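Novice: After the structure tokens below, expect a handful of questions from me.
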Amino acid sequence: MTSTHTPQTEPRWHRRKEARPAEILEAALVEFGSKGFAKTRLDDIAARAGCTKGTIFLYFANKEELLLAIARQYVLPRLEKAEQIVEAHQGTMRELLVVLLRTRWDAIACSNISMLPKLIFSEAANFPELARLYHDEIIARSHGLIERVLREGVARGEFREMDVANVARAAVAPILMAALWKHSFAPHLENGHEIAPFFETSLDLLLRGIARTDSTGGEA
């Protein structure tokens, strides 16, 4: 008799268990974004994730740890991608800078994690450890990448001499401002979501400001 037995697939409950942390983080991102960090309860997150509050504690100690885990889950992969772009780039530093800032814009201001800067900024004073970890793991690493491109551009003669560290901060500031605007004033204003022109204008100002000029005052 020919056996009709088929290989047993991985139990559904086991697959569910492995996916649970990601489901909790996705639920937390939605709840934090809609209600704010302080007003969101772990019960709210559990209900959206389809689990109990006790299940959350199996993976995350508290809401602060959840917020940092969200940053690691959604931001770090994008940062790693940006680092790969820098390593593989063979064109000018101006071109590379534009690619990095547009990638950052898409990741921060135009994605489902656009509320993250507002959450981090609003809670940094209340949770210093969270602020320090977020700065060390994400902000410093991100700024360091922009600084690297600016420094190489100066060395190649593409950019003028500058305070690289502060220019890197200035380059990213409009993107963060747009994300904050999107989740504060924009919902209450007519045409409040038109943030793309703001990015294009800020990018143009940045590129003109760092361009090396010749002796007549024009761009070299």
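Every number here is computed from the coordinates shown, using simple stated rules; none is lab data. Computed from a prediction, not measured in an experiment: that's the story for all the values here. For neighbour counting, all protein chains shown are included, and Cβ atoms are generated from backbone atoms with ideal geometry for every residue, glycine included.
Novice: What is the magnitude of the charge dipole of segment 12-62 about its Cα centre, with +1 placed on the Cβ of each Lys and Arg, -1 on the Cβ of each Asp and Glu, and no other charges, expressed in debye to the nearest 20?
Specialist: The dipole of segment 12-62 has a size of about 160 debye.
Novice: Once phi is turned into ³J(HN,Hα) by the Karplus curve 6.51 cos²θ - 1.76 cosθ + 1.60 with θ = phi - 60°, what whole-Hz value does each residue of segment 163-170 show in order, with x for glycine and proline?
Specialist: 7, 4, 4, 6, 5, 4, 5, 5
Novice: Treating only the Cβ atoms of Lys and Arg (+1) and Asp and Glu (-1) as charged, compute the dipole magnitude of the chain about its Cα centre; round to the nearest 20 debye.
Specialist: My answer is approximately 600 debye.
Novice: Could you point to the residue in L203, Q73, P174 farthest towards the positive end of segment 71-220's charge dipole, with +1 and -1 charges on the Cβ of Lys/Arg and Asp/Glu respectively?
Specialist: Of the options given, the answer is Q73.
Novice: Ok, one more. Taking neighbour counts of Cβ atoms within 10 Å as a proxy for exposure, in what order, fewest first, do D44, D106, D204 appear? The partial results should precede the final answer.
Specialist: Details: D44 18, D106 13, D204 10.
Ordered from fewest to most neighbouring Cβ atoms within 10 Å, D44, D106, D204 come out as D204, D106, D44.
Novice: Treating the angle as unsigned and between 0 and 90°, give the value, to the nearest 10°, between the Cα long axis of helix 63-74 and the longest Cα principal axis of the chain.
Specialist: Helix 63-74 sits roughly 60 degrees off the main axis of the chain.
Novice: Within 10 Å of each residue's Cβ, count the other Cβ atoms and sort H89, H143 from fewest upward.
Specialist: With the sparsest Cβ surroundings first, the list reads H89, H143.
Novice: Given H placed 1.01 Å from N in the peptide plane, which residues other than close sequence neighbours of A211 have an amide H under 5 Å from its amide H?
Specialist: Amide H neighbours of A211: R160.
Novice: Pairs on different chains or at least eight residues apart, Cα atoms closer than 18 Å: how many lysine pairs in the chain fit?
Specialist: Lysine pairs meeting both conditions in the chain amount to 11.
Novice: Can you list the HN-Hα couplings for segment 194-205, worked out from phi with the Karplus curve (6.51, -1.76, 1.60; θ = phi - 60°), rounded to whole Hz and with x for Gly and Pro?
Specialist: With coefficients 6.51, -1.76 and 1.60, one gets 7, 9, 4, x, 4, 5, 4, 5, 5, 5, 4, 4 Hz.
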